[in-house]
Amino acid sequence: MNHTLEHFLQNLLLSSISDDESIELIPVITADAEDDIKQEDLPEELPILAVRNTVLFPGVVLPITVSRKKSVKLVRKAHSGGQVIGVVAQKNTGSDDPTAEDLYDIGTVAKILKMLVLPDGNTTIIIQGQSRFKIEEVTQEEPYLAARVSLCQETPMDKSKKEVKALVQSLKDAAAKMLKLNPEIPQEAQVALDNIDSPSFLTHFLSSNLNVEMAQKQELLEVNDGKERGTLLLELMLREIQLLELKQEIHSKVHTDIDQQQRDYFLRQQIKVLQDELGQEGPDQEIERFRERAKKKKWPEAVAQHFKKEIDKLARLNPQAAEYPVAVNYLEFLLDLPWDEHTKDNFNLKRTKKILDADHYGLEKVKERILEYLAVLKLKNDMKAPILCLYGPPGVGKTSLGRSIAKALGRNYVRMSLGGVRDEAEIRGHRRTYVGAMPGKIISQIKKTGSSNPVIILDEIDKLASDFRGDPSSALLEVLDPEQNHTFMDNYLDVEYDLSKVLFIATANSLETIQPALRDRMEIIELTGYTLEEKTEIAKRHLVPKQVEEHGLEPEDVKVPKPTIHKVIEDYTRESGVRSLERKIGQLMRNTAKQKAMDEEFVKTIKPDDVVKILGSEIFDKEIYQDIDTAGVVTGLAWTSVGGDILFIESILSRGKGKLTLSGQLGDVMKESAMTAISYLKAHAELLDIDYRLFDQYDLHIHFPEGAVPKDGPSAGIAIFTSIASVFTQRKVRPRLAMTGEITLRGKVLPVGGIKEKILAAKRAGVTDIILCQKNKKDINEIPEQYIKGLTIHYVDRVDDVVKIALLKEKVKYPLKLEVKEEKADAEK
């Protein structure tokens with residue numbers, strides 16, 4: 001056989017390859033095609049080699065690997081003795097020790113051309129098929145199979161006949177068409193087929209290489225008539241051609257899609273290999289990891305179903321799609337949320353009281369209310385109670401109180417600042433349909449804490465804003481309503497989350513700016529300012545040790561005695577809280593730290609005189625608030641967002657036509673108070689011995705100093721009235737007196753709020769006497785006695801009582817001479 005045919009036969013892919021007593025390589029043919037063998041040339045007992053997954057045809061050469069012990073013994077003995085063997089296909093390919101019942105009756109006599117022992121211990125033989133035989137009787141099974149056989153009589157095809165020529169040509173045409181439909185077969189195969197002359201060998205060769213079931217090949221082998229075998233072979237080949245044509249048609253239709261899918265597949269495989277090298281997860285591993293984490297989550301059934309739906313959707317997405325990372329982030333957020341993970345509460349209220357007392361000096365009423373709140377929580381184990389709102393000026397410890405509560409309960413703590421929040425989505429989250437969607441602050445903070453029952457401080461709730469993007473304070477209504485927040489719905493989360501276990505504590509400096517509906521959902525706990533004594537204790541227990549540590553000093557390096565703290569509080573700070581005090585103490589510590597770092601000698605005890613050297617001249621001087629020896633100057637009391645403060649009202653008269661001037665950046669309420677006071681004084685001028693004509697002949701100017709500071713509120717009515725009465729009568733105002741209250745046109749004094757802050761402001765300014773409405777007495781009764789120690793409280797019902805207390809009989813030192821011009825007589829007179 002020529003080189004071209006051998007090359008074709010070595011690469012032909014029409015047959016299957018199997019293992020162990022089966023074909024390893026493709027069948028080939030010899031140069032002499034098939035060699036006839038006679039019955040007398042056969043041994044009496046022919047050794048039988050059972051093969052799987054293939055059939056040996058006469059004239060065909062097959063390489064076979066044998067590994068079964070019986071087979072190895074057979075081939076070694078036959079090869080050494082130069083004997084022929086019988087090759088028979090197994091009916092039952094799964095049997096490792098075949099018997100006579102497992103074999104077909106028809107096989108092929110084969111000659112062992114070569115035997116090779118491979119390095120792995122297996123034996124490979126190359127055999128050549130010669131003639132077909134039939135097993136008459138199996139004579140032995142050990143040490144290998146042997147049988148008496150008889151050669152099958154073959155009816156050869158006469159290639160001179162037209163029928164045979166036509167059949168042979170049809171077979172070659174069918175083979176050529178199969179070669180054309182199968183692009184994997186080399187083009188040299190057609191040349192090899194053209195070189196085969198024997199019709200009998202052509203049928204044997206094509207039968208051996210036909211891609212059909214082994215049973216069909218065995219059927220071809222068992223046909224004795226060559227013409228009949230060729231016809232059956234042609235039928236099988238035509239059927240195979242139809243299948244190949246159909247496959248090619250389908251392939252052409254989906255070729256583009258398959259190419260794209262294969263390209264994506266190979267790219268994904270490359271990405272997977274790179275990710276494995278880099279230690280990163282691929283999409284499949286990531287999805288599987290999500291499923292494993294979901295099995296461990298204790299979440300509601302509705303959430304579990306929602307998660308399953310979302311992860312199934314993710315599995316269908318292309319990892320390169322833009323939606324893929326969005327879906328991954330969402331699923332990770334769902335898994336990171338602590339759905340049913342709680343910290344255990346410590347309801348030891350005695351321990352809680354110790355912690356509150358250690359962290360906060362004073363605030364007894366506030367701490368008592370917090371203990372009551374926690375006691376109810378302990379007994380009822382239910383958070384359906386009003387949300388606490390700590391209300392008071394800056395620096396009084398509202399936020400740190402919330403931290404102490406979390407510490408006492410053993411809960412996780414997180415602070416959420418609401419100052420300046422104006423977008424509703426910051427509370428409820430964005431819908432996932434928007435680019436860059438994020439969950440709201442509430443759900444994000446819960447994820448951050450890692451538990452479903454943290455303490456969340458809603459700081460500066462009074463500073464929420466609103467614009468065209470929504471009203472965050474309205475969104476908080478659901479969060480802070482115990483009847484609703486167990487089914488809180490965040491727009492990003494898109495499933496209900498239970499907030500009923502969260503302990504919300506809000507803080508605010510002012511109640512006026514809080515939405516009424518939101519204020520109704522909270523229990524207001526008022527934190528007022530500190531007295532001098534309380535500030536001194538706070539500085540001694542907390543502020544000084546804290547600043548010593550923060551400035552790198554040791555406790556023995558610096559000592560700040562009480563007189564020094566008093567000096568700083570009275571002359572350098574004027575506030576309800578202790579923030580400014582802490583900054584001033586920090587300034588003292590920095591001076592000491594600088595001296596220590598420069599290895600200078602320094603006095604470890606800071607005395608009051610040293611404060612002026614370090615902090616500079618006193619910022620506040622109490623004496624200026626006491627010297628009111630001028631008519632028309634009255635001290636009022638005001639409430640501000642930073643606590644109480646004193647407020648001066650100054651009035652002066654000048655020749656004119658009764659014009660009224662108000663200055664000092666007043667609000668509408670204070671302007672109305674001034675108008676009311678003047679109207680009442682004009683109506684009752686005779687009670688104070690004021691000539692009514694003075695109101696038309698003198699201009700009145702009422703001024704509130706510090707004009708850059710806006711002033712408004714219903715609490716300066718009696719102070720304005722006293723100032724006007726003093727300037728018109730030129731009588732002295734009682735020294736160190738302050739007052740607060742509103743008046744009516746009937747002369748009644750109305751109660752006002754913020755009494756404690758105002759009392760503290762009066763004490764800081766050195767006031768000793770205070771005038772209040774009789775109805776404010778209940779507010780004084782709630783103030784601890786030490787706050788009002790040294791103060792004399794005068795309660796009044798009417799403006800007349802204010803005048804009796806505030807105005808002295810004696811005139812001021814330099815009174816203004818008020819002269820009344822006599823009216824001219826009429827023209828007729």
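Quick rundown of the values:
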| item | result |
| --- | --- |
| All positions within the stretch 769-782 that are of a type outside the set (Asp, Glu) and either closer than 25 Å to residue 673 by Cβ or in contact (Cβ under 8 Å) with a residue 40 or more places away in the chain (or both) | 770, 771, 772, 773, 774, 775, 776, 777, 778, 780 |
| Positions within the stretch 82-138 being among the aliphatic types (A, V, I, L, M) and without any contact (Cβ under 8 Å) to a residue 60 or more places away in the chain, in sequence order | 84, 85, 87, 88, 100, 103, 112, 113, 115, 116, 117, 118 |
| Wholly within the stretch 631-708, strands (runs of 3 or more DSSP E) carrying at least 1 residues that are out of contact with any Ser or Thr (no Cβ under 8 Å at 6 or more places or on another chain) and closer than 25 Å to residue 576 by Cβ | 633-640, 643-655 |
| Considering residues of the stretch 715-751 that are part of a loop (DSSP other than H, G, I, E, B) and out of contact with any Asp or Glu (no Cβ under 9 Å at 6 or more places or on another chain) only, the residue farthest from residue 662 (Cα to Cα) | 746 |
| The listed residue being touching an Asp or Glu at 6+ places or on another chain (Cβ under 6 Å), over 30 Å from residue 512 (Cβ atoms) and either of a type outside the set (Phe, Trp, Tyr) or modelled with pLDDT of 85 or more (or both), out of 618, 570 | 618 |
| Qualifying residue in the stretch 698-720 (condition: free of Cβ contacts under 8 Å to residues at least 12 places away in the same chain and either in the same structural domain as residue 395 (by TED's automatic domain parsing) or of a type outside the set (Val, Ile, Thr) (or both)) | no |
| Of the criteria (1) more than 30 Å from residue 462 (Cβ to Cβ); (2) in contact (Cβ under 8 Å) with a residue 12 or more places away in the chain; (3) assigned to a helix (DSSP H, G or I), which one residue 595 fails | (2) |
| Only listed residue being surrounded by fewer than 18 Cβ atoms within 10 Å (Cβ to Cβ) and modelled with pLDDT of 50 or more, chosen from 41, 32 | 41 |
| Helices (runs of 4 or more DSSP H) contained entirely in the stretch 205-317, each with at least 1 residues that are more than 30 Å from residue 134 (Cα to Cα) and either at pLDDT 85 or above or not hydrophobic (A, V, I, L, M, F, W, C) (or both) | 226-253, 255-278, 283-296, 301-316 |
| Long-range neighbours under 7 Å by Cβ, at least six apart or interchain, first residue more than 16 Å from residue 197 (Cα to Cα) within the stretch 166-181, second polar (S, T, N, Q) and assigned to a helix (DSSP H, G or I) | 179/190; 181/248 |
| Qualifying residue in the stretch 559-575 (condition: hydroxyl-bearing (Ser, Thr, Tyr), surrounded by 17 or more Cβ atoms within 10 Å (Cβ to Cβ) and assigned to a loop (DSSP other than H, G, I, E, B)) | yes |
| Which listed residue, of 431, 415, is in a loop (DSSP other than H, G, I, E, B), in contact (Cβ under 8 Å) with a residue 12 or more places away in the chain and among the basic types (Lys, Arg) | 431 |
| Among the residues listed as 163, 101, the single one being assigned to a helix (DSSP H, G or I) and farther than 28 Å from residue 226 by Cβ | 101 |
| Complete set of residues in the stretch 756-787 that are of a type in the set (Val, Ile, Thr) and at pLDDT below 85 | 783 |
| Residues satisfying the stated conditions in the stretch 124-156, i.e. part of a loop (DSSP other than H, G, I, E, B) and touching a Phe, Trp or Tyr at 6+ places or on another chain (Cβ under 8 Å) | 152 |
| Residue selected from the stretch 214-252 under the condition of a type in the set (Val, Ile, Thr) and without any contact (Cβ under 8 Å) to a residue 24 or more places away in the chain, by the criterion farthest from residue 151 (Cα to Cα) | 250 |
| Residue list for the stretch 669-707, restricted to those being of a type in the set (S, T, N, Q) and within 59 Å of the chain's Cα centre (by Cα) | 673, 676 |
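The values are calculated or read from the model by the stated rules, or taken from the named source; none is laboratory data. Keep in mind that this is a model prediction, so the values were computed, not measured. Quick reminder, even Gly has a Cβ in these numbers, built from the backbone with ideal geometry, and neighbours come from all protein chains shown.
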